[in-house]
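Below: one structure, written as C-alpha cells.
The values are calculated or read from the model by the stated rules, or taken from the named source; none is laboratory data. Everything numeric here is computed off the predicted structure, so don't read it as measured data. Methodologically, a virtual Cβ is constructed for each residue, glycine included, from the backbone with ideal geometry; neighbour enumeration extends over all protein chains shown. Side chains are part of the model used for accessible areas, which takes the heavy atoms of the whole protein and leaves out ligands, DNA and RNA. Shrake-Rupley method; radii C 1.70, N 1.55, O 1.52, S 1.80 Å.
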Amino acid sequence: MIIITQPHATETQLEHIIARIREFGLDAQVNRGASRVIIQVLGSVELAREKPLAAMPGVEAVVPVLKPYKLAAYEFRGGASSVPIGNVSVGRTERVTVISGPCSVESEEQILSIARTVKKAGASILRGGAFKPRTSPYSFQGLGEDGLRFLAQARERTGMPVITEIMDARDLPIIEKYADCLQVGARNMQNFSLLKEVGRSRLPVMLKRGFSATINDLLMSAEYILKEGNMNVLLCERGIRTFESAARYTLDLNAVPILKSRTHLPVVVDPTHGIGLREFVPQMSLAAVAAGADALMIEVHDSPELAKSDGEQALTPDIFEEMIPRLRAVAAAVGRQL
Ligand code: PEP
Ligand code: MN
C-alpha cells in the first residue's frame, strides 16, 4: 500500500500518519519529494486498514498494491493526469502538444531562429540538447551551460517553455536554473540513481523508453521518479531495437494504446529518433497522433546538413510547416486538436 500525502501536509500530520501505520503493526518508508511526501507501507496490509488511513488529515490517496508499478498505474489516479510544462499543460486532454527544436543547441542565433520557426508553425514547447549522449566520445557533446543559457534566452523571446536532457545528476542544479522540463534519455532510462535524483526535482520529467526496454520496464523506471514524490512524469516512445535495419530504430506505436490503458501518465511519441530518416518522419508523426499520442517530439533544423547531431533525421522548417495542417486533420479525426 502507498500513501500519497497532500502537497501541504504538515510535519505533525505526517507523524500521526506514521504513528497510525505503526499501531497497525506495519512499517513505513518515507520519501520526501519537492512538493509532497510518499509513504510506502511495508508489511501485509489488510483492506480494513485502508479506510482509516485514507481519512486521516494530510492524506490525499491510499493506493493498494496490485501491480508491480503502483503510482504509475492507471488505477492510482482513476483517470488521466496532465503535466504542466511552464505555461503548457500536456496530457490526455483534447489538445495534442507539439514539442520541437533542434537535436542540439548549437548557438544563440541557431536556437532562437529555430524556436521562432517552430512556434510560428504550431509548436508550443521548445527542445534542445545542451548535454548530449553521443555514441562516440569524439562527437559533439553539447554546449553545456552556454546551451542552457541560449535555451532560456529563446524562451524569454518566444514565450515557449523549454525541455532539455539531463545525463548526470550533478548537473541538476544548473539545469533547474534554466529549464522547464527535464528529459531523461533512452540510454539513461535505467540509470536508477539519476531517476531518484530527478524524482526529487521540482521540474517535470520526460522519461524516454530505452531502446531495449519493454513497456513494463519503462513503467517501472517511471515508478522510481514518482516514488520520490515527483508526480509530473511523461513517458516517451522513441523507437526500439529490432532485427530491422532499414530504419534507425523501430517506432513501437503499439506502446501508445498499451501505455494509455496501463498508466495515467501522458504519452509522448518521438517519431524523429524512432525512424531516423527525415523523409518518413511526417508519416510516422501522423500515425502517432492517430494512435493517441498526447504529444509529439520532433527535431527541426534550419540547415540539417550542417547540424552537429542528428542532421539526417531533422525536418527542415518547410517540411515541418507543411506537416502541421495534416497533423491537425488527423487529430480532428481522432477527436483531438493540435
Ligand atoms: C534526443 O532527444 O536528442 C535523444 C538523444 O533522444 P534518445 O535519448 O531517445 O536517443
Ligand atoms: Mn537527437
Exercise. Starting from region 287-304, keep only residues that are within 7 Å of VAL96 (Cβ to Cβ) and more than 15 Å from ligand 2 (Cβ to nearest atom), then list their pairs with residues that are in a loop (DSSP other than H, G, I, E, B) and among the aliphatic types (A, V, I, L, M) whose Cβ atoms are within a distance under 8 Å, requiring at least 6 positions of separation or different chains.
Key: VAL289/VAL96; VAL289/VAL334; VAL289/LEU338; ALA293/VAL96; ASP294/VAL96; ALA295/VAL96
Exercise. Could you list, in sequence order, all residues of region 264-286 that are assigned to a helix (DSSP H, G or I), in contact with a helix residue (DSSP H, G or I) (Cβ under 6 Å, 6 or more places away or on another chain) and more than 14 Å from ligand 2 (Cβ to nearest atom)?
Key: PRO282, MET284, SER285, LEU286
Exercise. Would you please name the residue that is nearest to the chain's Cα centre (by Cα), looking only at residues in region 21-71 that are of a type in the set (Lys, Arg) and open to solvent by 80 Å² or more (accessible area, probe 1.4 Å)?
Key: ARG32
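Pick out, from region 68-184, the helices (runs of 4 or more DSSP H) lying fully within it that include 3 or more residues that are away from ligand 2 (no atom under 16 Å from the Cβ) and among the small types (Gly, Ala, Ser). Explain how you work it out, then say what you get.
Values: elements: 74-77, 108-121, 145-158, 172-178.
In region 68-184, the matching helices (runs of 4 or more DSSP H) lie at 108-121.
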Quiz item: For region 305-326, what are the residues that are within 16 Å of ligand 2 (Cβ to nearest atom) and either in a helix (DSSP H, G or I) or closer than 18 Å to ILE275 by Cβ (or both)?
Solution: GLU305, LEU306, ALA307, SER309, ASP310, GLY311, GLU312, GLN313, ALA314, LEU315, THR316, PHE320
Practice problem: Look through region 187-230, keep the residues that are touching a helix residue (DSSP H, G or I) at 6+ places or on another chain (Cβ under 8 Å) and of a type in the set (Lys, Arg), and return whichever of them is nearest to ligand 2 (Cβ to nearest atom). | Solution: LYS208
Quiz item: Going by the conditions given, is PHE211 under 16 Å from the mean Cα position of the chain (by Cα) and either away from ligand 1 (no atom under 12 Å from the Cβ) or in a loop (DSSP other than H, G, I, E, B) (or both)?
Solution: yes
Practice problem: Return the pairs, sorted by first residue and then second, in which the second residue is more than 15 Å from ligand 2 (Cβ to nearest atom) and part of a helix (DSSP H, G or I), the first residue lies in region 168-193 and is touching a residue at least 60 places away in the same chain (Cβ under 8 Å) and open to solvent by 20 Å² or more (accessible area, probe 1.4 Å), the beta carbons are less than 9 Å apart, and the residues are 6+ apart or on different chains. | Solution: ASP180/ARG155
Practice problem: Evaluate the following for GLY274: is it crowded, with 16+ Cβ neighbours inside 10 Å and within 12 Å of ligand 1 (Cβ to nearest atom)? | Solution: yes
Exercise. Return yes when LEU203 is in a loop (DSSP other than H, G, I, E, B) and touching a Cys at 6+ places or on another chain (Cβ under 8 Å) and no when it is not.
Key: yes
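Within region 303-313, which residues are of a type in the set (D, E, K, R) and surrounded by 16 or more Cβ atoms within 10 Å (Cβ to Cβ)?
Applying the first criterion (of a type in the set (D, E, K, R)) to region 303-313 yields 305, 308, 310, 312.
Across region 303-313, the qualifying residues are LYS308, ASP310.
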Exercise. Out of ALA213, ALA288, ALA295, ALA222, report the one residue that is out of contact with any Pro (no Cβ under 9 Å at 6 or more places or on another chain), crowded, with 24+ Cβ neighbours inside 10 Å and not polar (S, T, N, Q).
Key: ALA222
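Do we find that ARG262 is surrounded by fewer than 21 Cβ atoms within 10 Å (Cβ to Cβ) and within 21 Å of GLN190 (Cα to Cα) in this structure?
Details: surrounded by fewer than 21 Cβ atoms within 10 Å (Cβ to Cβ): yes; within 21 Å of GLN190 (Cα to Cα): yes.
Taking the combined requirement at face value, the residue satisfies it.
Answer yes if at least one residue in region 89-102 is of a type in the set (A, V, I, L, M, F, W, C), open to solvent by less than 20 Å² (accessible area, probe 1.4 Å) and within 11 Å of ligand 1 (Cβ to nearest atom), and no otherwise.
Looking only at region 89-102, we keep the residues that are of a type in the set (A, V, I, L, M, F, W, C), and these are 90, 96, 98-99.
Retained after the next criterion (residues that are open to solvent by less than 20 Å² (accessible area, probe 1.4 Å)): 90, 96, 98-99.
Now restrict to residues that are within 11 Å of ligand 1 (Cβ to nearest atom): 99.
The answer is yes, given that some residue of region 89-102 is of a type in the set (A, V, I, L, M, F, W, C), open to solvent by less than 20 Å² (accessible area, probe 1.4 Å) and within 11 Å of ligand 1 (Cβ to nearest atom).
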Quiz prompt | Number of the exception - ALA331 against (1) under 21 Å from GLY129 (Cβ atoms); (2) in a helix (DSSP H, G or I) | solution = (1)
Exercise. Scan (1) in a loop (DSSP other than H, G, I, E, B); (2) within 30 Å of ARG200 (Cα to Cα); (3) out of contact with any helix residue (DSSP H, G or I) (no Cβ under 6 Å at 6 or more places or on another chain) for the single condition SER261 breaks and write down its number.
Key: (1)
Quiz item: What number of residues within region 112-132 satisfy the criterion of being open to solvent by 30 Å² or more (accessible area, probe 1.4 Å) and within 15 Å of ligand 1 (Cβ to nearest atom)?
Solution: 1
